[in-house]
Amino acid sequence: MTAASVIEALRPRFGDRIATSHAIRDQHSRDMSRLPPCLPDAVVWPETEAEVQDILRQCHAAGVPVIPYGAGSSMEGHTIPVRNGITVNTSRMNRIREIAAEDLLAVVEPGVTRLQLNTDLRATGLTFPIDPGADASLGGMASTRGSGTMAVRYGTMRENVLALRVVLPDGRVIRTGSRARKSSTGYDLTHLIVGSEGTLGIITELTVRLHPVPEAVSAAICAFPSVRAAVEAVIETVQSGIPVARVEFLDQVAIANVNSHSGLTLPVAPTLLFEFHGSPAWVDEQARTVQDITESHQASAFRWSSEADERRVLWQARHDLYWATRAMRPGAAIYTGDICVPISRLADAIESARDDIDASSLPGQIIGHVGDGNFHTAYLFDPDNPEEVAEAERLAHRLAERALAAGGTVSGEHGIGAGKLGLMREEHGDAVDVMKAVKAALDPRGIMNPGKMGDAG
Ligand code: MLT
Ligand code: ZN
């Protein structure tokens, strides 16, 4: 059987919820990564778990690839159908099934977005803080183990997903985990599925942790004479055990981009952006301690504010950085890097990454969730110029090798997707064979998101 026969088999049930027009397939052929687009054969929008089962049963029987699709905000090509197939867009599975405030949890369908959940939580005094920047779907965030600016305080999706319902490639449904905060029973299938990038099944329900909205929030910003001084201030802050809610690094190039894109007038220098959560007194104390630490690392212009509007402007500017980056070279493509290293190695890693960019012919910036030891590079290159493509790849590979040499990982949060497949064995060695055995056991026909981490060489 072929994709065409699967499409015909699904059409009576899905009607106009299965599309084969070029425009729709084109929309689902790309994401936010630099990777080339590739068209799916069709896109289908299930509304229930039973419909997901139906799609997977048909594709399993026919050996047709299935590409799970959340909000399309991947930075590494997770949703690009590199071997064509049927894209399963979960955006219509967007019901919030339960908010159990007394247990600090919510049960949601995979297409529910972070903003949607937080809007529903407004009256409860609770929040779902994981914030990758884009308004990603929770199913996509779980599949890619998303994190972002709040991970230093609240963890990543790994720490915030308690339980799942998953449709396996042959159409069976499993339930993993529970509503309890801890358990010592069984293999941890929840955390196998979280981060498996849609290569083992499709998530149809998530039970996620909620957190109390902090009583007080304040933000601080300060500039440093060098990248190393800024990063050493972060290292000391983290090693002192101060529970910062966010600490973001922007190098001087990123600050210039933010200023021009968001109309700000920040000093053009390596900069840290902090946020503190807690009681009013505790927030003040954290900010004062961090001010002392940063000043001992030659910070200037330390400004802190508990004004919500001022904070919103700063964080919006930070989240808009991806778009601001483009101003460095209009029309160019962005090659993003994303490594994470042990905190003690962070200053060396960022400084070497900056030196590499400066020694190259490509413009580039560095930003990062440095409280976790995680940072991103962005190199602007012309995708039609083979020398520039090769140079961007060289820079990215050097970055990844430095991360591994430092005991870190080639991706802190953007994942493997289609872009970093070649680095799986460099990072995980023979453990890749164990991962492939798991993949073969759950997906013997190899239909789930082919060309991604399940197919590492
Ligand atoms: C971020 O931190 O803003 C995102 O991971 C995207 C990016 O790398 O720009
Ligand atoms: Zn990020």
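Compute the angle between helix 280-296 and the longest alpha-carbon principal axis of the chain, please, reported from 0 to 90 degrees and rounded to the nearest 10. Between helix and principal axis, roughly 70 degrees.
For the chain, take the longest principal axis of its alpha carbons; what is the angle in degrees between that and the long axis of helix 431-442, to the nearest 10 within 0 to 90? Helix 431-442 sits at roughly 40 degrees to that axis. Taken over the alpha carbons of segment 141-243 as equal point scatterers, the Debye sum produces base-10 log I(q)/I(0) values at 0.14, 0.16 Å⁻¹ of -0.70, -0.81. Relative to its residue count, segment 233-366 spans a Cα convex hull of 115 Å³ per residue.
Can you give the translational diffusion coefficient of segment 390-457 in µm²/s, computed by Stokes-Einstein from the Kirkwood radius over Cα pairs at 25 °C and 0.890 mPa s? Rounded to a whole number, D works out at 190 µm²/s.
Sparse packing (at most 10 other Cβ atoms within 10 Å of the Cβ) combined with a DSSP loop state is found for none of the trypsin sites (Lys or Arg not before Pro) in segment 261-337.
Taking a straight line from the alpha carbon of Lys420, these lysines sit under 22 Å away, with near neighbours fewer than eight places off in the same chain left out: Lys436, Lys439, Lys452.
Using only the Cα atoms of segment 1-121, build the gyration tensor, take square roots of its eigenvalues as a ≥ b ≥ c, and label the shape rounded, prolate or oblate: rounded if a/c is under 1.5, else prolate if a/b is larger than b/c, else oblate.
The shape class here is oblate.
Compute the whole-percent fraction of alpha carbon pairs in the chain spaced more than 30 Å apart.
Working: 47492 of 104196 pairs.
Counting pairs separated by more than 30 Å, the tail of P(r) holds 46 percent.
Calculate how steeply helix 386-405 sits against the longest principal axis of the alpha-carbon atoms of the chain, using the helix alpha-carbon long axis, and give the answer as 0 to 90 degrees to the nearest 10. It works out to around 80 degrees.
Measuring nothing but alpha carbons in segment 18-79 and taking Rh as the Kirkwood radius, the Rg to Rh ratio lands at 0.98.
Relative contact order of the chain: what whole-number percent is it, with Cα pairs under 8 angstrom and at least 6 residues apart?
Details: 988 pairs, mean separation 73.4, N = 457.
After rounding, I find 16 percent.
What dipole magnitude, in Debye to the nearest 20, does segment 329-429 give about its Cα centre under +1 on Lys/Arg Cβ and -1 on Asp/Glu Cβ?
Working: 8 positive and 17 negative charges, 50 e Å.
For this selection, approximately 240 debye.
Applying the criteria of a DSSP loop state and at most 12 other Cβ atoms within 10 Å to the chymotrypsin sites (Phe, Trp or Tyr not before Pro) of segment 369-403 yields no site.
Taking only Cα atoms of segment 92-167, what ratio of Rg to Rh do you get with Rh as the Kirkwood inverse-distance radius? The partial results should precede the final answer.
On the way: Rg = 11.6 Å, Rh = 12.6 Å.
Result for segment 92-167 is an Rg/Rh of 0.92.
Mean residue ellipticity, 222 nm, helices only, the chain: the sum of -39500 (n - 2.57) across DSSP H runs of n ≥ 4, divided by residue count and rounded to 500, is -10500 deg cm²/dmol. Here the Debye sum runs over all C-alpha atoms of segment 259-307 as equal scatterers in vacuum, and log10 of I(q)/I(0) at q = 0.13, 0.18, 0.28 Å⁻¹ comes out as -0.37, -0.67, -1.13. In this structure the chain gives 40 Å² per residue of accessible area when probed at 1.4 Å with all protein chains present. Going by a ≥ b ≥ c, the root eigenvalues of the Cα gyration tensor, does segment 139-198 fall in the rounded group (a/c under 1.5), the prolate group (a/b larger than b/c) or the oblate group? Oblate, because a/c is 1.5 or more while a/b does not exceed b/c.
The values are calculated or read from the model by the stated rules, or taken from the named source; none is laboratory data. If you're wondering where the values come from, they're calculated on a predicted model, not measured in any experiment. Every residue, glycine as well, gets a Cβ built from its backbone with ideal geometry; the counts of neighbours run over all protein chains shown. Surface areas here come from the heavy atoms of the whole protein model, side chains and all, with no ligands, DNA or RNA. Shrake-Rupley method; radii C 1.70, N 1.55, O 1.52, S 1.80 Å.
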